[in-house]
Amino acid sequence: MARLKKRYWISLSILMFIIVLSLFGWRSWQEFRQEYGFSINWYGAHINLSGLSFEQLTVYKESQFTVTAKDVLISWSKLSVQNLNIDWQLSDNKMVTDKTKNVVNVTTEKQNQSEFSYSSLLTIIYWLPSTIHIDSLRIYEQNRELFDVEMTATKQQEAIHLDVSSNNQYVANLSATLLFNQNDLRIDIQNGVLTTTINQFGVQNGKILLPFTGWITDNQFEFNNSGNASVTIEKANLSDDFQFNQLNGTLTFKVQSLIPIKPNQISTTAKLALNKFNGIYKNSEIKSAAGNIYVDIKNQQFTISVPSLNIQEINMGIALQQVKLSGSYTAPFNTPNKGIIICKKAQATIFSGSIFLQANKLNLAKLPQQLNLRLKQIQLKDILATYPAEGLAGDGAIDGLLPITLLSVNNKDGVTFKPIIKKGQLTTTHQGFLQFENSALKNYAKNNPNMKILTDIIKNFHYTKLDGTVDYADDVAKLGLHIQGSNLDVEDGKAVNLNVTLEENIAKLLTSLQLSDQISEPIRKRIEAHLKKESAK
């Protein structure tokens with residue numbers, strides 16, 4: 001009997017201790033609530049040896065926020081909540097006047113709130129249990145849900161370790177240690193790691209690993225990567241025009257902003273080290289892109305710079321190989337298509353020769369503007385192999401200069417850019433030959449005896465000089481060629497001058513090439529769908 005009474009006395013002592021502690025905490029809370037204007041409501045309160053529990057607990061401050069917790073259990077060592085909803089209500093800052101009509105500066109009010117925020121936070125953290133677990137934490141802004149997560153917080157010496165994971169289809173996990181820096185009145189973030197798997201927004205099998213550090217005060221924050229963050233995306237359809245099949249790279253970054261976050265206050269620097277990228281833009285296929293891409297966001301404008309980007313191939317029906325790019329693009333956020341392009345290098349191999357843009361600065365807000373495209377050692381035999389014609393063969397190397405004028409055009413889809421070429425120049429660097437003989441040409445010669453000499457000459461025409469002009473507008477290219485040379489088997493090799501004019505719809509030509517075996521199946525399907533849509537109009 002004595003042992004039984006002793007057991008009861010121990011249980012009663014523990015219960016009394018919990019009651020006294022709860023009363024003390026309640027008194028402190030009442031003083032805190034009255035000082036800072038909080039209100040609290042609850043129902044279904046119970047107290048036992050496990051601690052203090054509520055079926056629902058609501059804390060709110062009028063016109064600022066409401067915190068609603070359901071199935072709450074509070075003990076000395078643990079706080080558990082089934083559902084915790086936080087709803088922020090944004091309110092405009094107002095000037096406050098006293099009875100003597102003296103204006104109280106809003107800045108001073110914010111500073112007082114800032115001091116309250118940190119000191120009160122330390123007080124709250126001190127009295128919190130050593131472990132906090134929330135099954136569902138939902139954050140709302142003006143009744144709009146921002147996110148829903150599961151959270152566990154473990155108190156450490158002068159710090160809290162957080163583990164957060166998403167409760168919806170966006171798979172994400174966050175782990176970080178929050179250190180309370182009393183000297184700088186801020187929260188330092190250490191050992192932060194964000195991992196996420198993305199299978200939304202047109203992205204398939206996207207994975208991001210983001211180690212970071214940083215700090216937060218009541219009115220600003222800063223985040224930095226603490227190692228190489230990795231980005232891997234297997235496939236993504238970002239728009240009707242842009243999709244990619246593989247992206248693999250590492251990321252470094254620094255983000256700063258005032259709180260609340262506004263676009264004009266964000267300052268960001270980031271570097272994407274692209275290890276491999278394959279994608280499709282409109283009807284062009286991009287293969288094996290690699291290099292560093294820098295992004296800088298500051299003062300409501302962004303800059304994308306590329307010190308060196310190498311692309312194995314861009315296939316638009318005609319393949320550009322070994323593409324090398326270097327330059328930058330800067331534009332304001334409100335007019336992203338009216339920025340400034342600085343081209344330091346843009347070159348590629350094509351038809352066993354090369355093309356490159358001369359270094360220039362292009363202001364898209366002040367069109368029209370001109371840039372020059374140079375051609376060097378373009379091989380005629382490769383052109384004819386890519387764009388074959390019955391009975392036509394040739395050899396030779398061509399240089400050229402094409403002045404491209406970029407225009408802006410307003411249409412139903414917004415502002416687009418259109419290139420035109422006037423008086424582009426082509427010339428050969430060495431001698432070469434042209435051979436043209438087919439059944440249609442033979443029939444033409446039979447019906448036109450006066451043209452027999454010409455048809456005989458071009459069966460094996462060796463030229464000493466070939467030059468021409470190029471004009472391009474509205475998808476149509478016009479090529480005027482002047483050729484000097486002879487056929488040694490005709491009229492004793494007498495010198496002949498030939499003037500040839502060619503006209504071609506480049507858009508239709510590229511489409512026909514893209515529908516050949518030289519282009520990938522996704523491109524072919526896109527083109528066929530587009531042609532079907534056009535024919536149905």
Pop the C-beta distance of L146 and N264 into the FRET formula with R0 = 25 Å and round what comes out to the nearest 0.05.
0.75
³J(HN,Hα) computed for each position of the range 395-410 - Karplus, 6.51 cos²θ - 1.76 cosθ + 1.60, integer Hz, glycine/proline x
8, x, 10, 10, 10, x, 9, 10, x, 9, 9, 9, 10, 9, 10, 8
What order do you get for 346-352, 222-228 when each peptide is scored by the mean count of other beta carbon atoms within 10 Å, highest first?
346-352, 222-228
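Estimate the FRET efficiency between L498 and N363 by the formula 1/(1 + (r/R0)^6), using the beta-carbon distance for r and 35 Å for R0, to the nearest 0.05.
Values: r = 43 Å, r/R0 = 1.22.
According to the calculation, E is roughly 0.25.
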If I model a spin label at A159 and V476 as a point 7 Å from the Cα along the Cα→Cβ vector, what separation in nanometres do I get?
7.2 nm
What is the local net charge at N167, summed over the other residues whose Cβ is closer than 12 Å to its Cβ (Lys, Arg +1; Asp, Glu -1)?
-3
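What is the local net charge at L325, summed over the other residues whose Cβ is closer than 10 Å to its Cβ (Lys, Arg +1; Asp, Glu -1)? Intermediate results must be reported in sequence, preceding the final value.
Numbers: positive: K324, K344, K345; negative: none.
Around L325, the surrounding residues sum to +3.
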Can you give the accessible area of H482, probe radius 1.4 Å, in Å² rounded to 10?
50 Å²
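Just list whichever of K324/K376; K207/K345; K262/K412; K70/K155 have alpha carbons separated by over 25 Å in the model shown. Working shown, then result.
Working: K324/K376 16 Å; K207/K345 32 Å; K262/K412 31 Å; K70/K155 22 Å.
Result: K207/K345; K262/K412 exceed 25 Å.
Calculate the FRET efficiency for D467 and L238 from the Cβ-Cβ distance with a Förster distance of 41 Å, rounded to the nearest 0.05. If you can, show how the numbers build up before the last one.
On the way: r = 44 Å, r/R0 = 1.08.
Given R0 = 41 Å and the Cβ-Cβ separation, E is 0.40.
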Karplus couplings for the range 70-85 from phi (6.51 cos²θ - 1.76 cosθ + 1.60, θ = phi - 60°), rounded to Hz, Gly and Pro as x?
10, 6, 9, 10, 10, 9, 5, 9, 8, 10, 10, 9, 6, 9, 10, 10
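Provide the gained length on full extension for the span N181 to S50, in nm with one decimal, where the gain is 0.36 nm per separating residue minus the Cα-Cα distance. Spell out each step's value before the answer.
Values: separation 131, 0.36 × 131 = 47.16 nm, distance 3.35 nm.
In short, 43.8 nm is gained.
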Computed ³J(HN,Hα) along the range 316-329: with the Karplus parameters 6.51/-1.76/1.60, θ = phi - 60°, integer Hz and x for glycine or proline, the list is 10, x, 10, 8, 9, 10, 6, 6, 10, 10, 8, x, 8, 9
With 0.36 nm assigned to each residue of separation and the Cα-Cα distance removed, T429 to D489 gains 19.1 nm
Could you check the simple spin-label distance between W88 and S130, using points 7 Å along Cα→Cβ, in nm with one decimal?
3.3 nm
Residues whose placed amide H lies under 5 Å from that of K459, excluding near-sequence neighbours:
F436
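The values are calculated or read from the model by the stated rules, or taken from the named source; none is laboratory data. The model shown is predicted, which means the values in this text are computed figures rather than measured ones. Methodologically, a virtual Cβ is constructed for each residue, glycine included, from the backbone with ideal geometry; neighbour enumeration extends over all protein chains shown. With ligands, DNA and RNA removed, areas are computed over all heavy atoms of the protein, side chains included. Shrake-Rupley method; radii C 1.70, N 1.55, O 1.52, S 1.80 Å.
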